[in-house]
1. Go through the range 37-65 and give me each residue that's touching a Leu at 6+ places or on another chain (Cβ under 7 Å) and more than 16 Å from Leu89 (Cβ to Cβ).
2. Take the range 75-95 and flag every residue that is of a type in the set (S, T, N, Q) and in contact with a Lys or Arg (Cβ under 9 Å, 6 or more places away or on another chain).
3. Checking Gly106 against (1) outside any helix (DSSP H, G or I); (2) open to solvent by 80 Å² or more (accessible area, probe 1.4 Å), only one condition comes out false. Which one?
4. Residues of the range 81-103 being free of Cβ contacts under 8 Å to residues at least 12 places away in the same chain and surrounded by fewer than 18 Cβ atoms within 10 Å (Cβ to Cβ), which ones?
Amino acid sequence: MYAGNRSGGQGSWDGGAAAGAEGPGPAGTLSPAPLFSPGAYERLALLLGALGLLGVGNNLLVLVLYAKFPRLRTPTHLLLVNISLSDLLLSLFGVAFPFVSCLRNGWVWDAVGCAWDGFSSSLFEKSSSHKCICIAF
């Protein structure tokens with residue numbers, strides 16, 4: 001298992017040797033070299049943070065307005081609220097893992113975190129996009 005590049009230094013595999021010293025690590029694991037420069041990770045974190053805040057803010061606004069004004073409670077608006085709820089969950093779960101990883105200059109989650117990130121992002125994205133397609137037709 002890869003010990004990570006959390007400190008910006010060279011990581012190591014479980015064997016104790018430096019990463020790459022005994023050949024490549026197990027299939028499907030991280031490489032020891034960072035993918036981007038530290039400045040690029042900072043810009044990506046800023047972009048992800050801004051998108052996450054906009055997504056959470058806008059979708060919370062839709063949900064609050066729907067709850068506050070009874071005249072908005074129509075079947076069509078209920079479908080839009082459903083889309084807004086799935087987009088809100090996508091903004092929360094789909095941005096959190098990559099945002100923290102960009103702050104740390106690389107993926108910091110284990111295999112379970114990676115699986116949860118992919119599952120939650122796919123689930124909320126698919127539930128949102130399929131409803132949008134139904135509205136268009």
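1. Ala45, Leu65
2. Across the range 75-95, the qualifying residues are Asn82, Ser86.
3. Just one mismatch for Gly106, condition (2).
4. The answer is Val100, and nothing else.
A quick yes/no check of all residues on (1) in contact (Cβ under 8 Å) with a residue 12 or more places away in the chain; (2) open to solvent by 40 Å² or more (accessible area, probe 1.4 Å):
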residue: Gly52; (1), (2): yes, no
residue: Lys68; (1), (2): no, yes
residue: Leu79; (1), (2): yes, yes
residue: Ser120; (1), (2): yes, no
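The values are calculated or read from the model by the stated rules, or taken from the named source; none is laboratory data. Bear in mind that the values here come from a model prediction, so they are computed numbers and not experimental data. When we count neighbours, we look across all protein chains shown, and the Cβ atoms used for this are built from the backbone with ideal geometry, even at glycine. All accessible areas refer to the heavy atoms of the entire protein, side chains included, with ligands and DNA or RNA removed. Shrake-Rupley method; radii C 1.70, N 1.55, O 1.52, S 1.80 Å.
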